[in-house]
1. Over the stretch 116-194, one equal point on each Cα, no solvent: what is log10 I(q)/I(0) by the Debye formula at q = 0.20, 0.25 Å⁻¹?
2. In nm, what is the difference between 0.36 nm times the number of residues separating His75 and Ala41 and their Cα-Cα distance?
3. Kindly rank 178-190, 121-133 from highest to lowest mean number of other beta carbons found within 10 Å of each residue.
4. Ranking request for peptides 93-99, 135-141: highest mean number of other beta-carbon atoms within 10 Å first, then the rest in descending order.
5. Grab the other residues whose beta carbon is less than 12 angstrom from that of Leu139, score K and R as +1, D and E as -1, and report the net.
6. For Ala82 and Arg167, what does the FRET efficiency come to when R0 = 35 Å and r is the distance between their Cβ atoms, rounded to the nearest 0.05?
7. Starting from a Cα-only point model with no solvent, please compute log10 I(q)/I(0) by Debye for the stretch 62-202 at q = 0.16, 0.18, 0.21 1/Å.
8. Provide the gained length on full extension for the span Thr178 to Asp194, in nm with one decimal, where the gain is 0.36 nm per separating residue minus the Cα-Cα distance.
Amino acid sequence: MEVRAAGWGIAQGRVLRERARDLVAMADRIEDEFASLGGVAGGTLYFGLAESYQIRYLAQQIKRLREQCADLRYHVESGVSAQVLEHLDQGTLDFAVLAQDPDLTKYEALTFPDVDRWGVIVPAGHRLASHRSIGIDDLVGEPLFCSQQGWKHEISRWAGSRMPDLRLEATFDRIVDTSADSGLVFRRLRPELDAKLHLVWRRNRPLSPIAERFVRQLRGTSPAQPNDAPADQPRAL
């Protein structure tokens, strides 16, 4: 009985700590929004990134806004889609970046002009490193590592009826370094599998002045031209 009581106390403490964190974040946001009501010279943007490997566009847009609003600040947190969407729904985030189609009944959304391109990351000496691209037959029998979310959605769609032939060894939630000195190489999947990124925010919920200005800026940005080929980003097995 004492063990059960202690366990319940620990669980309560964790919930309380999480709720306290959310309340502090909300209080900071409210204070920041009131401070910016007199004019949009600055403020804080709150972003949640869910498995986002292509954030260069977002960084460029933040830099562009900061050139006009010297007092702009921004806060970024990362997590799986469910986690960042929960914080978005709670009001502790302005925006979430998703690599899956958003629920347009709940969220407004803008699609990034670039894409993440799926592929396989292997050691430079691996037998697949000599391939220009990687098909399903190449992966049969190989132990595969992939984010749980990517395996469930994108890879399942890509593999189709061959999905049972693939073996998931483990999952991860971190970006993989494929720089020249990493000893790893990136090879595209065949057929190609691209993932669009979406910036989303809650429908029918007022944005802070600085967040509204950011949305107006994004909506006025020209999309990528057809000749702008997307770079290979290691969204990978």
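1. Relative scattering, expressed as log10 I(q)/I(0), comes to -0.94, -1.51.
2. Difference between extended and current length: 10.5 nm.
3. 178-190, 121-133
4. Top to bottom by mean Cβ count within 10 Å: 93-99, 135-141.
5. 0
6. Efficiency computed from Cβ-Cβ geometry: 0.90.
7. -0.99, -1.14, -1.34
8. 3.9 nm
Here, each number is a calculation from the coordinates, and none is a lab measurement. From a predicted model like this one, the values you see are computed outputs, not experimental measurements. So basically every Cβ, Gly included, is an ideal-geometry build from the backbone, and we count neighbours across all protein chains shown.
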